[in-house]
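Engineer: Before I ask anything, let me first share the structure, which is written out below as structure tokens.
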Amino acid sequence: MANAARVVRSRSDSPSLARKGVREANLSPVLSLVEREKERVLSALRQLIAIPSISTKPENRKEVERCAEWLATHLSDIGMTNSRIVRTAGHPVVTGEWRDDQRKPELLVYGHYDVQPPEPLELWSTPPFEATIRDNRIYGRGTTDDKGQFFIHLKAIEAYLRGAGTLPVHVKVILEGEEEIGSPHLGKFLAENKEWLRSDVAVISDTPFFAPGVPSICYGLRGNVYMEVEVVGPHQDLHSGSHGGAVHNPIQVLAEIIAQLHDHDGRITIPGFYDDVRPLSTRERKSFRQLPWSDARYARELGVRKLYGERGFTTLERLWARPTLDCHGIWGGFTSPGSKTVIPSKAVAKISMRIVPDQRPEHIAKLFTTHAQKLCPQTARVSVKCLHTGEAALVPLQSPGVEAAAVAMTKSFGKKPVYQREGGSIPIITSLKRMLGIDTVLLGFGLPDENAHAPNEFLDLGNFFGGILAAIHFYDELSRRIERKGE
Ligand code: BES
Ligand code: ZN
């Protein structure tokens with residue numbers, strides 16, 4: 001934290017600003033609009049949450065489409081122009097823009113309107129697609145990940161256009177419908193819209209604060225390589241009394257394969273898996289250690305007796321900068337209530353690996369496949385599919401975008417942000433950098449305990465409205481830090 005604070009202090013009185021004689025803009029008409037419009041804003045957010053845009057479920061395709069339509073209309077309603085639904089081979093991308101004829105920095109705002117499945121439904125206190133407010137939180141699927149968070153930008157844009165009649169930056173908004181399934185068609189969309197997308201900086205609000213009351217700017221995310229493993233034994237289910245003792249049960253084979261993927265030090269056993277991992281610098285390890293963190297408290301919050309992970313690394317190092325492997329689901333045989341004595345014909349598992357900078361996703365997928373095949377005994381057959389891959393991302397901290405974000409966070413939340421990495425993945429970040437040369441600022445307003453991907457997902461309303469104010473300041477700060485095009 002001390003480190004982060006030092007970085008901000010050295011930047012806050014940037015000489016280039018003084019040189020240009022840029023003065024503080026009067027934002028009060030814009031900021032006060034947010035205060036006055038809270039109820040209206042929440043009722044629009046409720047409508048957005050009510051649409052079950054679950055990208056992974058084929059049966060929800062129409063709902064995903066309906067969500068895209070709702071958003072395209074909403075972008076027009078808030079004063080953006082050219083709002084469009086861009087078709088892809090999968091779910092659509094919604095785009096909109098606002099510009100005037102002045103020279104202003106170009107800002108790209110990205111969010112994703114698709115959400116994770118809400119199951120198990122019985123664990124929700126209130127229905128996932130009926131946004132409910134209690135304890136100054138809004139509950140519902142997508143509230144923090146990511147509908148509620150990108151909505152912050154739409155409301156900041158709306159407040160500018162209604163309160164000031166203008167924006168200090170030119171804005172392009174892209175809202176993706178496939179982030180939660182690995183953004184399979186985003187590369188093509190980016191390639192086909194390169195010219196339109198050209199921007200000075202991108203901003204994404206889809207990450208959490210370090211802790212409640214501790215705003216943060218995230219500068220690194222892990223990538224993801226998602227696999228499906230199927231073990232096949234006999235060509236059909238068998239009576240376990242007649243055949244048990246003669247065949248290797250595919251569930252057992254699969255369990256044995258999975259059990260061998262980690263060693264006793266919590267390291268992944270796939271040969272070559274760690275070869276390209278970029279080691280953490282002493283400086284970064286030190287900066288992680290300066291963040292206020294307690295393993296015991298974290299374990300208590302999660303309800304586990306003890307934490308687990310790769311030996312030799314702290315928890316934050318393991319979460320943010322070390323690769324990991326997790327099984328997300330495993331099935332086979334008889335899982336209904338009651339009993340059935342069967343040796344199933346097959347068993348399946350979904351397994352993904354979070355990867356870190358310098359690990360190559362396709363290479364990791366190959367290493368995994370080869371290893372799973374090697375681990376499969378002669379008594380069964382294994383087939384491995386790769387569902388999607390995405391690279392890890394690191395964004396530069398020494399940039400006008402991050403500088404603007406830090407000042408904006410401080411102005412809105414009264415506290416300088418800490419700089420941190422995160423363990424989740426947002427595939428677009430590396431694509432924007434590689435394909436368009438655009439750096440991203442990760443200006444997130446979630447909280448770490450908001451149950452993203454789990455039952456009872458929520459978004460803290462203090463952070464939501466504070467986030468709108470921060471976004472307003474961010475655009476303003478950005479406009480005074482980035483050279484206007486052509487100047
Ligand atoms: N908002 C998350 C990314 C995230 C999670 C950032 C945790 C920081 C902390 C995002 O919507 C997400 O869940 N992404 C998926 C992407 C994957 C399917 C490629 C993820 O991380 O599982
Ligand atoms: Zn997510």
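The values are calculated or read from the model by the stated rules, or taken from the named source; none is laboratory data. As the structure is a prediction and not an experimental result, all values here were calculated from the model. When we count neighbours, we look across all protein chains shown, and the Cβ atoms used for this are built from the backbone with ideal geometry, even at glycine. These area figures cover heavy atoms from the full protein model, side chains too; ligands, DNA and RNA do not enter into them. Shrake-Rupley method; radii C 1.70, N 1.55, O 1.52, S 1.80 Å.
Engineer: Just checking, does segment 104-118 include any residue being open to solvent by 40 Å² or more (accessible area, probe 1.4 Å), more than 21 Å from GLY444 (Cα to Cα) and touching a residue at least 12 places away in the same chain (Cβ under 8 Å)?
Structural biologist: For segment 104-118, residues open to solvent by 40 Å² or more (accessible area, probe 1.4 Å), more than 21 Å from GLY444 (Cα to Cα) and touching a residue at least 12 places away in the same chain (Cβ under 8 Å): absent.
Engineer: Sticking with this one: Just a yes or no: is a residue in segment 445-468 assigned to a strand (DSSP E or B), in contact with an Asp or Glu (Cβ under 8 Å, 6 or more places away or on another chain), within 16 Å of ligand 1 (Cβ to nearest atom) and open to solvent by 10 Å² or more (accessible area, probe 1.4 Å)?
Structural biologist: Narrowing segment 445-468 to residues assigned to a strand (DSSP E or B): 446, 458-460.
Still in the running and in contact with an Asp or Glu (Cβ under 8 Å, 6 or more places away or on another chain): 446, 458-460.
Imposing the further condition that a residue be within 16 Å of ligand 1 (Cβ to nearest atom) reduces the set to 446, 458-460.
Narrowing further to those that are open to solvent by 10 Å² or more (accessible area, probe 1.4 Å): 460.
Yes, some residue in segment 445-468 is assigned to a strand (DSSP E or B), in contact with an Asp or Glu (Cβ under 8 Å, 6 or more places away or on another chain), within 16 Å of ligand 1 (Cβ to nearest atom) and open to solvent by 10 Å² or more (accessible area, probe 1.4 Å).
Engineer: Looking at segment 325-383, which of its residues are open to solvent by 80 Å² or more (accessible area, probe 1.4 Å), closer than 19 Å to TYR226 by Cβ and over 28 Å from the mean Cα position of the chain (by Cα)?
Structural biologist: Those that are open to solvent by 80 Å² or more (accessible area, probe 1.4 Å), closer than 19 Å to TYR226 by Cβ and over 28 Å from the mean Cα position of the chain (by Cα): THR370, GLN373.
Engineer: Something else: With a cut-off of at least 2 residues that are of a type in the set (Ser, Thr, Tyr), name the strands (runs of 3 or more DSSP E) lying wholly within segment 58-130. Reasoning before the result, please.
Structural biologist: Details: elements: 81-86, 93-98, 106-112.
In segment 58-130, 81-86 are the strands (runs of 3 or more DSSP E) which contain 2 or more residues that are of a type in the set (Ser, Thr, Tyr).
Engineer: For LEU190, only one of the following conditions fails: (1) surrounded by fewer than 24 Cβ atoms within 10 Å (Cβ to Cβ); (2) within 13 Å of ligand 1 (Cβ to nearest atom). What is its number?
Structural biologist: All conditions pass for LEU190, except number (2).
Engineer: Still on this structure, I have one more. If I go through segment 404-444 residue by residue, how many of them are within 16 Å of ligand 1 (Cβ to nearest atom) and part of a loop (DSSP other than H, G, I, E, B)?
Structural biologist: Going through segment 404-444 one residue at a time, the tally reaches 9.
Engineer: Could you check how many residues of segment 393-403 are more than 16 Å from ligand 2 (Cβ to nearest atom) and within 20 Å of the chain's Cα centre (by Cα)? Please lay out each step first, then the result.
Structural biologist: So the first thing to find is which residues in segment 393-403 are more than 16 Å from ligand 2 (Cβ to nearest atom), and the list is 394-403.
Right, trim to within 20 Å of the chain's Cα centre (by Cα) and you get 394-397, 401-402.
Residues in segment 393-403 being more than 16 Å from ligand 2 (Cβ to nearest atom) and within 20 Å of the chain's Cα centre (by Cα): 6 in total.
Engineer: What tally of residues in segment 358-403 results from selecting those that are part of a loop (DSSP other than H, G, I, E, B) and acidic (Asp, Glu)?
Structural biologist: 2
Engineer: Among the residues of segment 251-263, is there at least one that is under 32 Å from the mean Cα position of the chain (by Cα), loosely packed, with under 11 Cβ neighbours inside 10 Å and either at pLDDT 95 or above or closer than 16 Å to THR379 by Cβ (or both)?
Structural biologist: yes
Engineer: Quick check on segment 69-103: of everything there that is closer than 17 Å to ARG46 by Cβ and open to solvent by less than 10 Å² (accessible area, probe 1.4 Å), which residue is farthest from the chain's Cα centre (by Cα)?
Structural biologist: Ranking the qualifying residues of segment 69-103, first place goes to ILE78.
Engineer: Still on this structure, I have one more. Write out, first by first residue and then by second, each pair whose Cβ atoms fall under 7 Å of each other, whose residues are 6+ apart or on separate chains, and whose first residue, in segment 412-424, is more than 18 Å from ALA393 (Cβ to Cβ) while the second is open to solvent by 60 Å² or more (accessible area, probe 1.4 Å).
Structural biologist: Close Cβ pairs satisfying both conditions: VAL418/MET1.
Engineer: Would you confirm whether or not segment 427-437 contains a residue that is without any contact (Cβ under 8 Å) to a residue 12 or more places away in the chain, within 28 Å of ARG354 (Cβ to Cβ) and not acidic (Asp, Glu)? Write out each step before concluding.
Structural biologist: Keep residues of segment 427-437 that are without any contact (Cβ under 8 Å) to a residue 12 or more places away in the chain, which gives 434, 437.
When the remaining residues are screened for being within 28 Å of ARG354 (Cβ to Cβ), the result is 434, 437.
Those still in the list that are not acidic (Asp, Glu) too: 434, 437.
Looking through segment 427-437, at least one residue is without any contact (Cβ under 8 Å) to a residue 12 or more places away in the chain, within 28 Å of ARG354 (Cβ to Cβ) and not acidic (Asp, Glu).
Engineer: Within the group ILE204, ILE174, ILE181, which residue is among the β-branched types (Val, Ile, Thr), open to solvent by 10 Å² or more (accessible area, probe 1.4 Å) and either over 19 Å from GLN47 (Cβ atoms) or within 16 Å of ligand 2 (Cβ to nearest atom) (or both)?
Structural biologist: Numbers: ILE204 fails: open to solvent by 10 Å² or more (accessible area, probe 1.4 Å); ILE174 fails: open to solvent by 10 Å² or more (accessible area, probe 1.4 Å).
Just one listed residue meets the conditions, ILE181.
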